[in-house]
């Protein structure tokens, strides 16, 4: 589905992010540029061009544009961001600012720079990883939920603005995913979570490969008119 397309992924060494990268490579994408501040094991026989920089730093983003040179991009995946569980009384201005910087502001700056420099091809697709928390009220997650709701709203606005260039913008509101990170999170945060909160996902936790499959589908030309949508992949959590 991605044959010959140049894809730019912003992420980390998390299982979800690596699954996305591996799925893109398996689809014979033209080039995969993987941007992360963390060293990741993504050789894939030379199919991945790894760019190590802190994309949460605006100065580093300027350097990224220089590194890309004249490369035109057909797809962007924003899989960055941060999580965090804090009761309302501990939501300091610094914590709120940091959360929004990672989950929203950086996404804005990436798309602003890429469009300003005309590095995104007409007909391209942009996918942002959001969360079911953006539409579901959860204890001790008001800041995280707010930032993801803002991300979803940004996606809709960008979709309207970039429609004349046939550029699609969508987000994926993911639920609980099967990763070691999430298992550790669940065990350490049961005290602040709602009763049986983690059991509400009636179809069970999501395999990272399922998220990767949906990302590739959205990046492909299989859905040329799907834009401004916040796709819910939550295993039935919101039923």
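In this structure, does residue 95 turn out to be over 27 Å from residue 161 (Cβ atoms), outside any loop (DSSP other than H, G, I, E, B) and at pLDDT 95 or above? Taking the combined requirement at face value, the residue satisfies it.
Of all residues assigned to region 26-35, none qualifies as being without any contact (Cβ under 8 Å) to a residue 40 or more places away in the chain, over 21 Å from residue 213 (Cβ atoms), loosely packed, with under 15 Cβ neighbours inside 10 Å and touching a helix residue (DSSP H, G or I) at 6+ places or on another chain (Cβ under 9 Å). Could you say whether any residue in region 140-160 is outside any helix (DSSP H, G or I) and out of contact with any helix residue (DSSP H, G or I) (no Cβ under 7 Å at 6 or more places or on another chain)? Checked against the condition, which is being outside any helix (DSSP H, G or I) and out of contact with any helix residue (DSSP H, G or I) (no Cβ under 7 Å at 6 or more places or on another chain), region 140-160 yields at least one hit.
Quick check on residue 153: is it closer than 18 Å to residue 231 by Cβ, surrounded by fewer than 15 Cβ atoms within 10 Å (Cβ to Cβ) and modelled with pLDDT of 95 or more? Working first, answer last.
Values: closer than 18 Å to residue 231 by Cβ: yes; surrounded by fewer than 15 Cβ atoms within 10 Å (Cβ to Cβ): yes; modelled with pLDDT of 95 or more: yes.
Judged against the criteria, residue 153 is a match.
Results for (1) more than 22 Å from residue 168 (Cβ to Cβ); (2) surrounded by fewer than 17 Cβ atoms within 10 Å (Cβ to Cβ); (3) out of contact with any strand residue (DSSP E or B) (no Cβ under 8 Å at 6 or more places or on another chain); (4) modelled with pLDDT of 95 or more, shown as yes or no for each residue.
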| site | (1), (2), (3), (4) |
| --- | --- |
| 10 | no, no, no, yes |
| 24 | no, no, no, yes |
| 47 | yes, no, no, no |
| 56 | yes, no, yes, yes |
| 59 | yes, yes, yes, no |
| 70 | yes, yes, yes, no |
| 74 | no, no, no, yes |
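Residue 127 meets each of the listed conditions (1) free of Cβ contacts under 8 Å to residues at least 12 places away in the same chain; (2) more than 20 Å from residue 92 (Cα to Cα); (3) outside any helix (DSSP H, G or I) apart from (1). The residue that is nearest to the chain's Cα centre (by Cα), counting only those in region 225-239 that are under 30 Å from residue 163 (Cβ atoms) and at pLDDT below 95, is 234.
The values are calculated or read from the model by the stated rules, or taken from the named source; none is laboratory data. Since the structure is predicted, the reported quantities are computational estimates derived from the model, not experimental observations. No Cβ is skipped: glycine too gets one built from the backbone with ideal geometry, and neighbour counts run over all protein chains shown.
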